[in-house]
1. Working only within segment 215-266, note down all residues that are part of a loop (DSSP other than H, G, I, E, B) and either crowded, with 18+ Cβ neighbours inside 10 Å or of a type in the set (Ser, Thr, Tyr) (or both).
2. Look through segment 129-172, keep the residues that are polar (S, T, N, Q) and either free of Cβ contacts under 8 Å to residues at least 24 places away in the same chain or within 14 Å of the ligand (Cβ to nearest atom) (or both), and return whichever of them is surrounded by the fewest Cβ atoms within 10 Å (Cβ to Cβ).
3. Checking the structure you have, find out if any residue of segment 37-47 is aliphatic (A, V, I, L, M), part of a loop (DSSP other than H, G, I, E, B) and at negative phi.
4. Of these, GLU82, GLU115, GLU123, which one is touching a Ser or Thr at 6+ places or on another chain (Cβ under 7 Å), without any contact (Cβ under 8 Å) to a residue 24 or more places away in the chain and not small (Gly, Ala, Ser)?
5. Would it be correct to say that THR108 is more than 13 Å from the ligand (Cβ to nearest atom), surrounded by fewer than 20 Cβ atoms within 10 Å (Cβ to Cβ) and either closer than 30 Å to ARG212 by Cα or basic (Lys, Arg) (or both)?
6. Of all residues in segment 1-37 being touching a strand residue (DSSP E or B) at 6+ places or on another chain (Cβ under 6 Å) and hydrophobic (A, V, I, L, M, F, W, C), which is farthest from the ligand (Cβ to nearest atom)?
7. For segment 185-208, check the following and say yes or no: at least one residue is modelled with pLDDT of 95 or more, surrounded by fewer than 17 Cβ atoms within 10 Å (Cβ to Cβ), more than 23 Å from the chain's Cα centre (by Cα) and among the polar types (S, T, N, Q).
Amino acid sequence: MKFAVSSKGDEVSDTLKSKIQTYLLDFDMTLDEKEPEIVISVGGDGTLLYAFHRYSDRLDKTAFVGVHTGHLGFYADWVPQEIEKLVLAIAKTPYHTVEYPLLEVVVTYHDEEREERYLALNECTIKSIEGSLVADVEIKGQLFETFRGDGLCLSTPSGSTAYNKALGGAIIHPSIRAIQLAEMASINNRVFRTVGSPLLLPDHHNCVIKPRNDVDFQVTIDHLTLLHKDVKSILCRVANEKVRFARFRPFPFWKRVQDSFIGKGE
Ligand code: NAP
């Protein structure tokens, strides 16, 4: 089997990365950074986001597994003390995978020919470079509201514990194929009125953001920040592609939520 290991880049993660590589090579696995079947991400959730984007053009052929060198992660469940066990499991057992939904973002421009497509594992945020974001929000082809405020955040279920949570969005179990739209500080008055609560859209609905003013936009896709000029619309929906995580033991989502945000209790 072909594998790759990506590291956060700090000393602890880099040392662990070389150890994992050596062990897997000893098991006759092949190091292939271009076309790996399994990617072991060593660091935190942020590291897994980078690994995801590096291999996002071959998601159907690649499974991910995360080792965390910091605090417990949402995408990283193995700790450094367990890497011998993990390596053995990768090399010797036919693992099963779990699939999580992704967010598809398509930006179109007034220049009709152009469109850019992105996949997000956590979320996409849309803000204006100057002043408030003023935009029409359409759901399934119908105008839903005209938003004015700091920005909008569209997240995946697995990204619902990240930026979305800080915006008061709900935590969504990743088995639910949906995306969530959350507001960032909306201004509400007689002209601009928004629903004021996060919305969950199923996979057969889409959301189109149409900027009303002609300013430049800052669009983030997970950790990537992109500047867009001349934007006509930004379409968001559940992507056809999915991300696959290799599972060698149970990793219950609600347990992760509890451990991260509530603590283990008494
Ligand atoms: P960063 O600013 O260095 O770290 C953001 C934090 O979010 C890290 O602690 C990271 O965990 C954590 N995180 C990432 N994905 C998560 C998930 N699905 N559930 C819970 N926590 C998660 O940025 P980064 O490492 O490049 O990550 C980019 C992400 O930062 C974005 O996708 C966005 O969700 C998040 N973010 C959050 C806020 C906020 O909460 N106000 C603001 C901006 C961006 P690790 O330490 O394990 O890597």
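1. Selection gives ASP222 alone.
2. The selected residue is GLN142.
3. No, because not a single residue in segment 37-47 is aliphatic (A, V, I, L, M), part of a loop (DSSP other than H, G, I, E, B) and at negative phi.
4. GLU115
5. Yes; evaluated as a whole, the condition is true for this residue.
6. MET29
7. No, every residue in segment 185-208 fails to be modelled with pLDDT of 95 or more, surrounded by fewer than 17 Cβ atoms within 10 Å (Cβ to Cβ), more than 23 Å from the chain's Cα centre (by Cα) and among the polar types (S, T, N, Q).
Residues are listed down the side, and each one gets a yes or a no for (1) under 23 Å from ALA239 (Cα atoms); (2) loosely packed, with under 13 Cβ neighbours inside 10 Å:
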| position | (1), (2) |
| --- | --- |
| ILE38 | yes, no |
| TYR50 | yes, no |
| GLY70 | no, no |
| TYR75 | yes, no |
| GLU84 | no, yes |
| PRO94 | no, yes |
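The values are calculated or read from the model by the stated rules, or taken from the named source; none is laboratory data. Values in this document were obtained by computation on a predicted structure and should not be read as measured data. When we count neighbours, we look across all protein chains shown, and the Cβ atoms used for this are built from the backbone with ideal geometry, even at glycine.
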